[in-house]
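This report refers to the structure that appears directly beneath it.
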Amino acid sequence: MAIATSQALPNQTQKFILPGCHSWENFKTIQTVMDQQSGLRITYLDGVIELMTLGEHHESIKSMIAILLGIYFWKQRIEFIPVGSATRSSQEQAVSFEPDESYYLGEKKEHPDLAIEVNITSGSPQKLEKYQRLGIREVWMWQDEKFSIYTLNDQSYEKVSASKLLPQLNFSLLEECILMPSRLEAIQKFTNA
């Protein structure tokens, strides 16, 4: 697969899959080189390496989700540890990836309780497989201007209508506020609800 060399527009997200099956060692070498490139993510699953650039729109949505969730945790007095897009990796599970946002609820554990993926173009079904291998309890996927919520049950994810981790969270309000053009008005509306 040829990789385009043209500069991505600030609002675009681009994905590239490196052809072939790569060993973990090969992946770690590529990851070390790519770590020096800002705005580039690299994931690994069963020998497949995917590179992704992040556009401004992606980062704006991701940041607004983090701001609003921080407000929600504060209002509900929920102890949380935000760990953003820290790399989740396991050679034994043949997986390495970075969620857009992630949180430990309560205390720190082996892996975060909640992970959030922002998909501006299209989501990959492999994304849930990555989270499942590490036992992350809940994954929220933002796509088409709304959330899809997945809860881990018996080693597989089930799509649910409400968060099991945060059952009181009003997702309709959250989605509305994420999409508001004025960030100040969105924060005020979310805080006052």
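The numbers here are math on the coordinates, done by the rules we state, and not lab data. From a predicted model like this one, the values you see are computed outputs, not experimental measurements. FYI the Cβ positions are ideal-geometry reconstructions off the backbone, even for glycines, and counts take in every protein chain you see.
Structure summary
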| read-out | value |
| --- | --- |
| Separation in nanometres of the label points that stand 7 Å from Cα toward Cβ, at Asp154 and Asp35 | 4.0 nm |
| Estimated dipole of the chain in Debye, rounded to 20 [Cβ of Lys and Arg +1, of Asp and Glu -1, Cα centre] | 220 debye |
| Gaussian network model of the chain, Cα within-10 Å springs - most flexible of Thr53, Thr29, Thr151 | Thr29 |
| Relative contact order (percent, whole number), the chain, Cα cutoff 8 Å, 6+ residue spacing | 14 percent |
| Computed FRET value (nearest 0.05) for Ala162 with Ala66, which takes r as the C-beta separation and R₀ as 25 Å | 0.75 |
| Whether the chain is rounded, prolate or oblate, judged on the alpha carbon gyration tensor where a/c under 1.5 counts as rounded | oblate |
| Efficiency of FRET between Ser182 and Gln76 - r from beta-carbon atoms, R0 22 angstrom, step 0.05 | 0.35 |
| Global form of region 14-53, assessed from the alpha-carbon gyration tensor, a/c cut-off 1.5 | oblate |
| Net charge, Met52 excluded, C-beta distance under 12 Å - Lys, Arg +1, Asp, Glu -1 | -1 |
| Virtual spin-label span in nm between Asp46 and Lys189, 7 Å along Cα→Cβ | 4.2 nm |
| Set Lys15/Lys75; Lys28/Lys109; Lys15/Lys164; Lys75/Lys127; Lys28/Lys159 screened for pairs whose C-alpha atoms are more than 28 Å apart | Lys15/Lys75; Lys15/Lys164; Lys75/Lys127; Lys28/Lys159 |
| Long-range amide H partners of Val118 with built H, under 5 Å | Asp100, Trp142 |
